[in-house]
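Step one of this worksheet: look at the structure below.
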Amino acid sequence: MDESAYLTSIVAGTFLLIAGARLLRLHRRTRERPELLLGLYFALSGAYYLGYNTPSLLQFDAWPPLIELAIEWTYILGVFPYLFFIRSVFRRRDAWAGWLVAACSALASVGTLKMTLDGNVEYSLDDPWFVAQWIGYTAPCFWLSWEALLYQRSSAKRARIGLCPPIVANRYLLITLFGSFQVLACLADLSYANEVGSDQSVSLITDRLLGGAEIASIVVLWLAFFPPRFYTNWITRRAVILPTPMDG
Amino acid sequence: MATTLFDIAAERLEESTDMDRLAARGTLRLALKEAGLDVENLSVPQLRAVFEKLMPNELDMRGVANPAATCKAVMDDIASAASTADLATSKSPDEIFKRLGGS
């Protein structure tokens, strides 16, 4: 892989760790579950990105298989709180959402468990266990993106009558984008698996797709969770709030 | 029998206007949709905003006399009848996303 792709992943991993730590700190204060679940997902994803790219960064060949497996599990363990976050925030009362959480968790776990039993991490499109794992961790990204998009549309209406702060309505849009960029990164994983599985070197397109999706994800997360004042002011200024007829 | 905040509001609207049950519920449903609100998870502040900002226009379009005063009367009635039905909690997605971004 291209050196800049590793650096992008290191930057993404560091940012995710910081975002995760911030949400976990928030949870200590509020004791609410959503910040705990999303904080765990970000922190574990960040640890995965850093762990996975450390050999390239420090220029040694590869981790021993046991550590590679531990790194793989770090990411998969993060998928569980991610799924519970989406369900608890958007679909608390829908039974089907519980089944979707169970199905994704099972696919991600079974695929990773098979890798564990085989004793090494292998990415190949010919391996149905890898494909199962891939579906298990990609579906939540798509699901988050979809749910946030639905809420973005209704929150824009609520914002018009002053029931939803414009910055919160915008945050749904940013989370929609985050989920979409994560899906893109997952598609790049497929391309990576295809190339590595057929003993080719990783193509520039895969590198760029992965790196671009990671950087774009970080930018939208930064705007969503660490919004700079100029951005908040800009969103608030653009918002149109209906006047109250009774006031007149 | 009125059971949810939506039911209470639609019932009061029906009593305060010439609209029948179906028309009152339909009008309120349309206003809630316009406001991006979910009928099942309504809170009193949300309903108040709808009655203040959207319902006067909806009632005016349906030929209801003095829509602003009607809305105010309905809302006053609801606020006293449904003070315990306020469902705006820390569990609503808006509240969660507000908290997560630190705003």
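The values are calculated or read from the model by the stated rules, or taken from the named source; none is laboratory data. Predicted model only: the values in this text are computed from it and were never measured. Here Cβ is always computed from backbone atoms with ideal geometry, including for glycine, and neighbour counts include all displayed protein chains.
Of all helices (runs of 4 or more DSSP H) completely enclosed by region B:4-103, which ones contain at least 1 residues that are within 14 Å of chain A (Cβ to nearest Cβ), at pLDDT 90 or above and on the phi < 0 side of the Ramachandran plot?
Numbers: elements: B:5-16, B:21-34, B:44-53, B:55-61, B:67-81, B:93-100.
Result: B:21-34, B:44-53, B:55-61, B:67-81, B:93-100.
May I ask you to list pairs of residues, at least six apart or on different chains, whose Cβ atoms are under 7 Å apart, with the first in region A:159-183 being facing chain B (nearest Cβ under 9 Å) and hydroxyl-bearing (Ser, Thr, Tyr) and the second being surrounded by fewer than 21 Cβ atoms within 10 Å (Cβ to Cβ) and assigned to a helix (DSSP H, G or I)?
A:Tyr172/A:Gln152
Quick one: would you say A:Tyr41 is buried (at least 22 other Cβ atoms within 10 Å of the Cβ), in a helix (DSSP H, G or I) and modelled with pLDDT under 95? Let's see the steps before the verdict.
On the way: buried (at least 22 other Cβ atoms within 10 Å of the Cβ): yes; in a helix (DSSP H, G or I): yes; modelled with pLDDT under 95: no.
It is false that A:Tyr41 is buried (at least 22 other Cβ atoms within 10 Å of the Cβ), in a helix (DSSP H, G or I) and modelled with pLDDT under 95.
Can A:Phe84 be described as within 14 Å of chain B (Cβ to nearest Cβ), under 30 Å from B:Asp38 (Cα atoms) and at pLDDT 95 or above?
Details: within 14 Å of chain B (Cβ to nearest Cβ): yes; under 30 Å from B:Asp38 (Cα atoms): yes; at pLDDT 95 or above: yes.
Spelling it out, A:Phe84 is indeed within 14 Å of chain B (Cβ to nearest Cβ), under 30 Å from B:Asp38 (Cα atoms) and at pLDDT 95 or above.
Name the residue that is farthest from the chain's Cα centre (by Cα), counting only residues in region A:193-227 that are in a helix (DSSP H, G or I) and small (Gly, Ala, Ser).
Applying the filter and picking the extreme gives A:Gly197.
Quick check on my filter: what residues within region A:25-38 are part of a helix (DSSP H, G or I) and within 12 Å of chain B (Cβ to nearest Cβ)? Before the answer, list the steps.
First, pick out the residues of region A:25-38 that are part of a helix (DSSP H, G or I): A:25-30, A:33-38.
Correct list: A:Arg25, A:Leu26, A:His27, A:Arg29, A:Thr30, A:Arg33, A:Pro34, A:Glu35, A:Leu36, A:Leu37, A:Leu38.
Within region A:228-248, is there a residue that is within 14 Å of chain B (Cβ to nearest Cβ), of a type in the set (A, V, I, L, M) and in a helix (DSSP H, G or I)?
Yes, region A:228-248 contains a residue that is within 14 Å of chain B (Cβ to nearest Cβ), of a type in the set (A, V, I, L, M) and in a helix (DSSP H, G or I).
From the list A:Gly111, A:Gly119, pick out the single residue that is surrounded by fewer than 18 Cβ atoms within 10 Å (Cβ to Cβ), in contact (Cβ under 8 Å) with a residue 12 or more places away in the chain and either on the phi > 0 side of the Ramachandran plot or not hydrophobic (A, V, I, L, M, F, W, C) (or both). Even if it seems obvious, please write down each step before you answer.
Details: A:Gly111 fails: surrounded by fewer than 18 Cβ atoms within 10 Å (Cβ to Cβ).
Step by step, each of A:Gly111, A:Gly119 is checked, and only A:Gly119 is surrounded by fewer than 18 Cβ atoms within 10 Å (Cβ to Cβ), in contact (Cβ under 8 Å) with a residue 12 or more places away in the chain and either on the phi > 0 side of the Ramachandran plot or not hydrophobic (A, V, I, L, M, F, W, C) (or both).
Which one of the conditions (1) in contact with a Phe, Trp or Tyr (Cβ under 9 Å, 6 or more places away or on another chain); (2) part of a helix (DSSP H, G or I) does A:Trp129 fail to meet, given that it meets all the rest?
(1)
Just name the residue that is farthest from the chain's Cα centre (by Cα) out of those in region B:1-37 that are over 14 Å from B:Leu47 (Cα atoms) and in contact (Cβ under 8 Å) with a residue 24 or more places away in the chain.
In this case the residue turns out to be B:Asp18.
Can you tell which of A:Ser145, A:Ser155 is in contact with a Cys (Cβ under 9 Å, 6 or more places away or on another chain), closer than 30 Å to B:Leu42 by Cβ, modelled with pLDDT of 90 or more and not aromatic (Phe, Trp, Tyr)?
Working: A:Ser145 fails: in contact with a Cys (Cβ under 9 Å, 6 or more places away or on another chain).
When all the criteria are applied, what remains is A:Ser155.
State which residue is farthest from A:Leu173 (Cα to Cα) when the search covers only region A:217-229 and only residues that are at pLDDT below 95 and surrounded by fewer than 16 Cβ atoms within 10 Å (Cβ to Cβ).
The selected residue is A:Arg229.
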